[in-house]
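Q: Please see the structure below; I have some questions.
The values are calculated or read from the model by the stated rules, or taken from the named source; none is laboratory data. Everything quoted here is computed from the prediction, not taken from an experiment. Note that each Cβ is placed from the backbone with ideal geometry, even for glycine, and that neighbours are counted across all protein chains shown. Ligands, DNA and RNA are stripped out before the accessible areas are found, and what is left, the full protein with its side chains, is counted by its heavy atoms. Shrake-Rupley method; radii C 1.70, N 1.55, O 1.52, S 1.80 Å.
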Amino acid sequence: MKRLLIYVHYNKNGEMSPHVRYQLQELRSLFTKVLVVSNSPLTEDMKKDLLTAQLADQLLERVNRGFDFAAWRDGMQEIGWSNLSDYDSVTLMNDTCFGPIWDFQPSFLEMEADTQVDFWGLTNFRATKAFPEHLQSYFLTFKKPILNDKSFLTFWQGIKEYRDVQDVIDHYESRVTTYFLEQGFQYRALFDTIGESTEGMLHPDFTYYHPRRILEVRLPFLKVKAMDANQSIAPYLLDTIRTQSSYPIELILYHMSMVNQPDSPYLLGEKYLSPVVPEMTSFKGRVAIHLHVFYTDLLREFVDVFETFPFDYDLYITTDTESKKAEILAAIAEDSYKEIRLTGNRGRDLFPMLLLKDQLAKYDYVGHFHTKKSKEADYWAGESWRQELLQMLVQPSAEILTHFEKDPQLGLVIADIPSFFRYNRIVTAWNEHQMALMMQELWERMGMAKSIDFTKMDTFVMSYGSFVWFRYDALEPLFSLELDVNEVPEEPLPQNSILHAIERLLVYIAWSQNYDFRIAPNSRMITPFVDNKVLNLNGDLHPPTMVDFNYMGGIKGALRYIVIGPARAIKYIIKRMVAKYS
C-alpha cells in the first residue's frame, strides 16, 4: 500500500520535543512518504536530523496561520494536488499527542482493511448542542475513494487561515466529518465513544476529560493536554503507561515541563534522580567545582570528599579575607585547586560564583558549594542542613555527572528539601511572595525567552542553601546579568534579598533555556505525616508580631507589617459583618 503522512509540528519555544522525534520514528514504517510541516521555525540541526534519520522525506516551514488545518492544506499543495490520488491513503496528524504508547500497526491495518470505511480517526466527539458528532482532528486518514473524489480537493483548497483557534474548531474540525458524510462517505473511530458513559464529564471529549478511559481501551495515543487538565490523576496515568507499556515516560515529563512550568506537583513526583552506575573514567564534558569558603574550619570537610572523586575536575575557591586565604593555602596542597580568589564579604556564596564567570564559562558542568553554617541554630539549621546537602549533592557527584552525560536535556540537579525545613514551617507562601517582584525584575533584566509570572506562584522549587550542579549553558543568562556589587545588601543580610531571589530562580532559568532539572534524594526518611502536620497548623497563619526586622527587610519590612496587619484586620471585620447581616 502506498501511504502518505502529512505531520504538523508546532512548538511555542522553537524546539522539537523528543516525543515528536520518537513518534515519527515509530510511525515511519507505516508510510511510503512522510512530509513534516512545521508551523514554528526549525533549526538546521533539526532539519538535518529529520532528513538524515529518514524520519521525514520532505520538510515545509510556514508561519502558524490557520493552525493545523491550513498547514495540512499547504502540505497537500506541496505534495501536489494532482498527486494525492496516487496514494492509497493520506493521513493527517499533528504533534498534540504522546505515543504510540502501544503497537499501532495492528489497529492501523485493521482500519485500512475495513472496506466499509472511507475515512477514520482515533476518537470521536459526541454530538452536543454546539457541535455535531465528529472525528477529532489530531489524526485523520482518508482512503482512495475520497482521494479520487473532487469533494476532497474542494474541502481542502477552501481552507481559510483563521486567526482564532475556536474558528478552526467551529468551521473545520467539527465539520469535516459531516462534510464527507454528506458526500456519501462513511467513517469510523478506532475508539468509538458513542456507547461510553459520560457521567461527570463537562463535555463528551474523552481525550481531555477522561484520559483514564483512553488508557483502559489501550488507545495508542494520549493527548498532551490531558496531563495538565487532569493533574490530580496524572501520577496514575504515568504509572499506567510505565507499568503497562514500553513507552518512555521521560518524553512526557520533558515536554510537559518545557511547554508549561517545570514544577507542577505531578511532575515533581517524577523528578528524582534514578539510580545509576557512575562512569569511572573521565567525562566528555569539562568539570569545574566552585567552593566558597567563609568558615575555614569546614574546608577539609569538603576537600576530603573532593579528593575521592574518580573524575577530573578543576577546583575554584573563593573567600573574603587575606587571612582566610592564608589558612586555605596552609590547609590544602597547591595542586588541589585551580585558583583561590578574594571576593570580599558581600553576596554570600552566590555573588562570588558569578564573579567567576570568565573561568566557569569554559566548563560544561559546574558544582557550586559553600561552607554552610547558621549562627541562629547551628545544629538544626547549620550542621544538619550542611551534612544533608553534602550527602545529596557532593558525595554522589560522579553519579550526578553521569546523569548529565547521559541526558542532554538535563540542565540542573538540586537537593531535596533538608529535614530542617520539613520539621519547621519556615518557607511559607506569604513570605515567598515577598520575593516575587524581585524575581520578576531579574527575569526581565536577563531577557529570558519564556514568560512566567512569579507573583501568581505560591512557592518556588529551589535548592535550599543554593548547593547545585548545573550545565553552564543552563544558567548562562544569570552569569551574563553582570550583577553589580552595590545591588547586594551588606551583612546582616535581610531575609528577602536579591540573593534569595536568585536562589529561587535557578530552576526556572534552566527551564527557560529548555533544560530540565532533577532532584537528588535525601536519604533521611521522614513520613509525609510530618509535612501534613507542620503545613496545616490550625492557628493564625499571618506574619508573627514578634519579629527581628533586621531579617525581615529592615525599615521597609517594618512599614510593610504596619500596613498589612491593620488591612487584614479590617478585611476580617468586614467579612464577619457581611456574613452576620446577610
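Q: Report yes if Lys456 is more than 15 Å from the chain's Cα centre (by Cα) and of a type in the set (Lys, Arg), otherwise no. Reasoning before the result, please.
A: On the way: more than 15 Å from the chain's Cα centre (by Cα): yes; of a type in the set (Lys, Arg): yes.
Criteria met by Lys456.
Q: For segment 477-485, indicate whether the set of residues that are of a type in the set (D, E, K, R), assigned to a helix (DSSP H, G or I) and surrounded by fewer than 20 Cβ atoms within 10 Å (Cβ to Cβ) is non-empty.
A: Residues of segment 477-485 that are of a type in the set (D, E, K, R), as a first pass: 482, 484.
Among the residues that remain, those that are also assigned to a helix (DSSP H, G or I) are: none.
Among the residues of segment 477-485, not one is of a type in the set (D, E, K, R), assigned to a helix (DSSP H, G or I) and surrounded by fewer than 20 Cβ atoms within 10 Å (Cβ to Cβ), which makes the answer no.
Q: In segment 50-76, what residues are more than 19 Å from Val165 (Cα to Cα), within 27 Å of the chain's Cα centre (by Cα) and among the acidic types (Asp, Glu)?
A: Scanning segment 50-76 gives a single hit, Glu61.
Q: Among the residues of segment 198-209, what is the count of those that are free of Cβ contacts under 8 Å to residues at least 24 places away in the same chain, touching a helix residue (DSSP H, G or I) at 6+ places or on another chain (Cβ under 9 Å) and more than 15 Å from Ser137 (Cα to Cα)?
A: Counting residues in segment 198-209 that are free of Cβ contacts under 8 Å to residues at least 24 places away in the same chain, touching a helix residue (DSSP H, G or I) at 6+ places or on another chain (Cβ under 9 Å) and more than 15 Å from Ser137 (Cα to Cα) gives 4.
Q: Restricting the search to segment 63-75, which residues are over 17 Å from Tyr87 (Cα atoms) and open to solvent by less than 80 Å² (accessible area, probe 1.4 Å)? It would help to see each step written out before you state the result.
A: So in segment 63-75, the residues over 17 Å from Tyr87 (Cα atoms) come out as 63-71, 74.
Scanning segment 63-75 gives Asn64, Gly66, Phe67, Asp68, Phe69, Ala70, Ala71, Asp74.
Q: Which strands (runs of 3 or more DSSP E) does segment 23-131 wholly contain that include 2 or more residues that are closer than 21 Å to Arg218 by Cα? I'd like the intermediate steps shown before the answer.
A: Values: elements: 33-38, 58-61, 89-94, 119-125.
Ranges flagged: 89-94, 119-125.
Q: List, please: which pairs have Cβ atoms under 7 Å, are six or more places apart or on different chains, and start with a residue in segment 243-254 that is of a type in the set (Val, Ile, Thr) and at pLDDT 95 or above and end with one that is open to solvent by 30 Å² or more (accessible area, probe 1.4 Å) and in a helix (DSSP H, G or I)?
A: Pairs found: Ile249/Arg242.
Q: Next up: Would a scan of segment 286-297 turn up a residue that is loosely packed, with under 14 Cβ neighbours inside 10 Å, more than 17 Å from the chain's Cα centre (by Cα) and under 30 Å from Pro106 (Cα atoms)? I'd like the intermediate steps shown before the answer.
A: Here is the first cut: in segment 286-297, the ones loosely packed, with under 14 Cβ neighbours inside 10 Å are 297.
Subsequent filtering for residues that are more than 17 Å from the chain's Cα centre (by Cα) retains 297.
The next check asks that each one be under 30 Å from Pro106 (Cα atoms); those that pass are none.
For segment 286-297, residues loosely packed, with under 14 Cβ neighbours inside 10 Å, more than 17 Å from the chain's Cα centre (by Cα) and under 30 Å from Pro106 (Cα atoms): absent.
Q: Name the one entry in Arg348, Arg341 that is crowded, with 18+ Cβ neighbours inside 10 Å and among the basic types (Lys, Arg).
A: Working: Arg341 fails: crowded, with 18+ Cβ neighbours inside 10 Å.
It is Arg348.
Q: Taking segment 272-323 as the region of interest, how many residues are aromatic (Phe, Trp, Tyr) and part of a loop (DSSP other than H, G, I, E, B)? Steps first, answer last, please.
A: To start, the set of residues in segment 272-323 that are aromatic (Phe, Trp, Tyr) comprises 272, 283, 294-295, 302, 306, 309, 311, 313, 316.
Filter once more, keeping what is part of a loop (DSSP other than H, G, I, E, B): 283, 294-295, 309, 311, 313.
Number satisfying all stated conditions: 6.
Q: Right, another one. In segment 88-128, which residues are among the aliphatic types (A, V, I, L, M) and within 27 Å of the chain's Cα centre (by Cα)? Before the answer, list the steps.
A: Initial filter on segment 88-128 (among the aliphatic types (A, V, I, L, M)): 90, 92-93, 101, 109, 111, 113, 117, 122, 127.
Residues satisfying the conditions are Met93, Ile101.
Q: Related question: What are the residues in segment 137-152 that are under 21 Å from Met93 (Cβ atoms) and in contact with a helix residue (DSSP H, G or I) (Cβ under 6 Å, 6 or more places away or on another chain), if any?
A: First, the residues of segment 137-152 that are under 21 Å from Met93 (Cβ atoms): 137-147, 152.
If the condition is that a residue be under 21 Å from Met93 (Cβ atoms) and in contact with a helix residue (DSSP H, G or I) (Cβ under 6 Å, 6 or more places away or on another chain), then Ser137, Ile146, Leu147, Phe152 are the ones that fit.
Q: Ok, one more. Give segment 351-369 a look and list any residue that's part of a helix (DSSP H, G or I) and surrounded by fewer than 15 Cβ atoms within 10 Å (Cβ to Cβ), or say none.
A: Let us first name the residues in segment 351-369 that are part of a helix (DSSP H, G or I), namely 351-355, 357-360.
Passing the criteria: only Asp358.
Q: Any idea which of (1) open to solvent by less than 20 Å² (accessible area, probe 1.4 Å); (2) closer than 30 Å to Pro528 by Cα is the one Val303 doesn't satisfy?
A: It is condition (2) that Val303 fails.
Q: For segment 329-363, which positions are among the β-branched types (Val, Ile, Thr) and over 20 Å from Glu503 (Cα atoms)? I'd like the intermediate steps shown before the answer.
A: Taking segment 329-363 first, the residues among the β-branched types (Val, Ile, Thr) are 332, 340, 343.
The answer is Ile332, Ile340.
Here's the yes/no breakdown for (1) open to solvent by 50 Å² or more (accessible area, probe 1.4 Å); (2) over 21 Å from Pro248 (Cβ atoms):
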{"residue": "Val20", "(1), (2)": "no, no"}
{"residue": "Leu24", "(1), (2)": "no, no"}
{"residue": "Leu27", "(1), (2)": "no, no"}
{"residue": "Leu35", "(1), (2)": "no, yes"}
{"residue": "Pro41", "(1), (2)": "yes, yes"}
{"residue": "Ala53", "(1), (2)": "no, no"}
{"residue": "Gln58", "(1), (2)": "no, yes"}
{"residue": "Glu61", "(1), (2)": "yes, yes"}
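Q: How about segment 199-216: which of its residues are in a loop (DSSP other than H, G, I, E, B) and open to solvent by 50 Å² or more (accessible area, probe 1.4 Å)? I'd like the intermediate steps shown before the answer.
A: Taking segment 199-216 as the starting set, the residues that turn out to be in a loop (DSSP other than H, G, I, E, B) are 199-205, 210.
Of everything in segment 199-216, those that are in a loop (DSSP other than H, G, I, E, B) and open to solvent by 50 Å² or more (accessible area, probe 1.4 Å) turn out to be Glu199, Gly200, Leu202, His203.
Q: Residue under question is Glu490, and the condition is that it be closer than 26 Å to Lys373 by Cβ, open to solvent by 20 Å² or more (accessible area, probe 1.4 Å), touching a Leu at 6+ places or on another chain (Cβ under 9 Å) and touching a residue at least 12 places away in the same chain (Cβ under 8 Å); does it hold? Give the derivation first.
A: On the way: closer than 26 Å to Lys373 by Cβ: yes; open to solvent by 20 Å² or more (accessible area, probe 1.4 Å): yes; touching a Leu at 6+ places or on another chain (Cβ under 9 Å): no; touching a residue at least 12 places away in the same chain (Cβ under 8 Å): yes.
No; evaluated as a whole, the condition is false for this residue.
Q: Output the number of residues of segment 78-95 satisfying the condition of being open to solvent by 10 Å² or more (accessible area, probe 1.4 Å), touching a residue at least 60 places away in the same chain (Cβ under 8 Å) and farther than 21 Å from Leu122 by Cβ.
A: Total meeting the criteria: 4.
Q: Which of the residues spanning segment 444-474 are aliphatic (A, V, I, L, M) and farther than 25 Å from Lys373 by Cβ? First the steps, then the outcome.
A: Within segment 444-474, the first condition is being aliphatic (A, V, I, L, M), and the residues that meet it are 446, 448-449, 452, 457, 461-462, 468, 474.
Scanning segment 444-474 gives Met446, Met448, Ala449, Ile452, Met457, Ala474.
Q: Please specify each residue of segment 152-190 satisfying the condition of being outside any helix (DSSP H, G or I), open to solvent by 20 Å² or more (accessible area, probe 1.4 Å) and of a type outside the set (A, V, I, L, M, F, W, C).
A: Hits for segment 152-190 are Gly158, Lys160, Glu161, Tyr162, Arg163, Asp164, Arg175, Gln183, Gly184, Gln186, Tyr187, Arg188.
Q: Further, regarding this structure: Any chance you could count how many residues in segment 241-285 are farther than 20 Å from Trp511 by Cα and surrounded by 19 or more Cβ atoms within 10 Å (Cβ to Cβ)?
A: Adding up the residues that qualify gives 2.
Q: Which numbered condition trips up Pro132, out of (1) surrounded by 16 or more Cβ atoms within 10 Å (Cβ to Cβ); (2) closer than 21 Å to Met201 by Cα; (3) of a type outside the set (Lys, Arg)?
A: Against the list (1) surrounded by 16 or more Cβ atoms within 10 Å (Cβ to Cβ); (2) closer than 21 Å to Met201 by Cα; (3) of a type outside the set (Lys, Arg), Pro132 comes up short only on (1).
Q: Criterion first (modelled with pLDDT under 95, touching a helix residue (DSSP H, G or I) at 6+ places or on another chain (Cβ under 7 Å) and among the hydroxyl-bearing types (Ser, Thr, Tyr)) does Ser336 satisfy it? It would help to see each step written out before you state the result.
A: On the way: modelled with pLDDT under 95: yes; touching a helix residue (DSSP H, G or I) at 6+ places or on another chain (Cβ under 7 Å): yes; among the hydroxyl-bearing types (Ser, Thr, Tyr): yes.
Answer is yes for this residue.
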